[in-house]
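Only one structure is covered here, and it is reproduced in the block below.
Read-outs throughout are calculated quantities, based only on the coordinates presented, and are distinct from any laboratory measurement. As the structure is a computational prediction, the values presented were derived from the model and not from experiment. Note that each Cβ is placed from the backbone with ideal geometry, even for glycine, and that neighbours are counted across all protein chains shown.
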Amino acid sequence: MKLVQFFLPGKGKRVGVIQSDRVLDITSSDENVRCTLDVVTQGKTAQGVVARASWLAKRLHRRGLDWRELQRLPSRRSPHLLVPIDAPEVWGAKDTYAPDGGQAGAGGMSDTPHKPTVAALPADDSRPALFFKATAHRVVGPHAPIAIRQDSSLTLPEAGLAVVLGPTGAVVAFTACNDVTARDIEQRGAEYQSQARIYRGSIALGPCLVTPDEIEDPLALQVRCNILRVGGAIFSEATSTARLRRPVEALVPWLLRDNPVPAGAVLSTGTGILVPDTAALANGDQVEIEVQSIGRLSNPVRGH
């Protein structure tokens, strides 16, 4: 099942289920469903989320909207997609992908990622590098602008697969993630990581939530990152979640260890695509993150 949040003029935020090319509105004040977080909280598990949303779609039996009509820049005057979940917390993971020998060609265009510069994971090191990334008000959805910090001159996107956790910590859905990072600030040292990664517009999620029953193997998904500038693409590269050093289910227990997180928390599984400094984001760029079986997350860049 695919779930979205979208805006309707005069009605505000709505919850939708995607069926083919239609979006069925399952928002219901009577059922206390005003956002996808309500569906996650009430459903508790992946199966429960599917059951809850399916029941609402059948009970309400509303006419659907055309999915394409929601693919536009946010405006109070037009229907449009919103961030697929108002995640109370968003967490990230670093150095989760195994090195790959593929090198990009001219202009950074390749179907295989640059060889990561991180060291190989020591055999006795089972602890993943997890970090706090954002709260709900710092996250943007499809077609909303991601941001460049005013004090950064080297900001890069990080494309990845993210998971949504239910109230018991179980994975209830997947989504695409763009973890935007001020690389020049991060390179100053570990004590600067929070400033490099946590700011308004530093992360995008979307275009939808996809429950696990629709993803045959989370470790066999293509992830692609495109950076578009006037005149065409300046960067395009793909990788596969098959390169993840740890399966998703191995990352989640580390996040939850002595660290309770609220229902709807999101964990990005990291990136296997290292964007070169020569493709640093600039005002007016467009970044596309596409994850197989989930869809394309597209965001303009707002800079200084």
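Inter-label distance, Ser75 to Ala250: 4.8 nm, where each label sits 7 Å from its Cα along the C-beta direction. Using θ = phi - 60° in the Karplus curve 6.51 cos²θ - 1.76 cosθ + 1.60, the 3J(HN,Hα) couplings for the stretch 272-279 round to x, 10, 9, 6, x, 4, 5, 10 Hz; x is entered for Gly and Pro. Compared with the alpha-carbon gap, the fully stretched path from Ala282 to Ala190 is longer by 30.6 nm at 0.36 nm per residue. Please list, in chain and number order, the residues 5+ apart from Leu297 or on another chain whose amide H is under 5 Å from its amide H, with Hs placed from the backbone. Amide H neighbours of Leu297, under 5 Å, 5+ apart: Ile289, Glu290, Val291. Potential lengthening of the chain between Arg63 and Ser293 amounts to 80.3 nm, from the contour at 0.36 nm per residue minus the alpha-carbon distance. Between the stretch 225-290 and the stretch 161-199, the C-alpha centres lie 9 angstrom from each other. List the aspartates and glutamates whose Cα sits under 18 Å from the Cα of Lys2, skipping any in the same chain fewer than 8 residues away. Within the straight-line cut-off, Lys2 pairs with Asp21, Asp25, Asp38, Asp66, Glu69, Asp86, Asp213, Glu214, Glu216, Asp217, Glu290.
Residues whose amide H falls under 5 Å from that of Arg22, counting only those 5 or more places apart or on a different chain, are Trp67, with hydrogens built in the peptide plane. List the pairs from Lys13/Lys94; Lys44/Lys94; Lys13/Lys44 whose alpha-carbon separation is above 26 Å, in the order I gave them. Pairs exceeding the cut-off: Lys13/Lys94; Lys44/Lys94.
Of all the C-alpha pairs in the chain, what % are more than 34 Å from each other? Provide the component values of the computation, followed by the final result.
Values: 8130 of 46056 pairs.
More than 34 Å apart: 18 percent of the Cα pairs in the chain.
Note on the stretch 186-304: along the principal axes its Cα atoms extend 44, 37, 25 Å, ordered by decreasing extent. Here the Karplus relation 6.51 cos²θ - 1.76 cosθ + 1.60, evaluated at θ = phi - 60°, turns the backbone of the stretch 129-137 into coupling constants of 8, 9, 8, 6, 10, 6, 10, 4, 6 Hz, with x for every Gly and Pro.
Within 10 Å of each residue's Cβ, count the other Cβ atoms and sort Glu288, Glu191 from fewest upward.
Numbers: Glu288 19, Glu191 7.
Exposure proxy ranking, most exposed first: Glu191, Glu288.
Here's how it looks for Gly160: its modeled amide H is under 5 Å from those of Cys177, Asp179, which are all 5 or more places away or on a different chain. What does the charge count near Asp66 come to, summing +1 for each Lys or Arg and -1 for each Asp or Glu among other residues with Cβ under 13 Å from its Cβ? Here the charged neighbours net out to +1.
Note that the stretch 67-83 has calculated 3J(HN,Hα) couplings of 3, 5, 5, 8, 8, 8, 4, x, 8, 5, 9, 9, x, 7, 6, 10, 3 Hz, one per residue in order, obtained from phi through the Karplus relation 6.51 cos²θ - 1.76 cosθ + 1.60 (θ = phi - 60°); glycine and proline are x. The calculated 222 nm mean residue ellipticity attributable to helices in the chain amounts to -3500 deg cm²/dmol, summing -39500 (n - 2.57) over DSSP H runs of n ≥ 4 and dividing by all residues.
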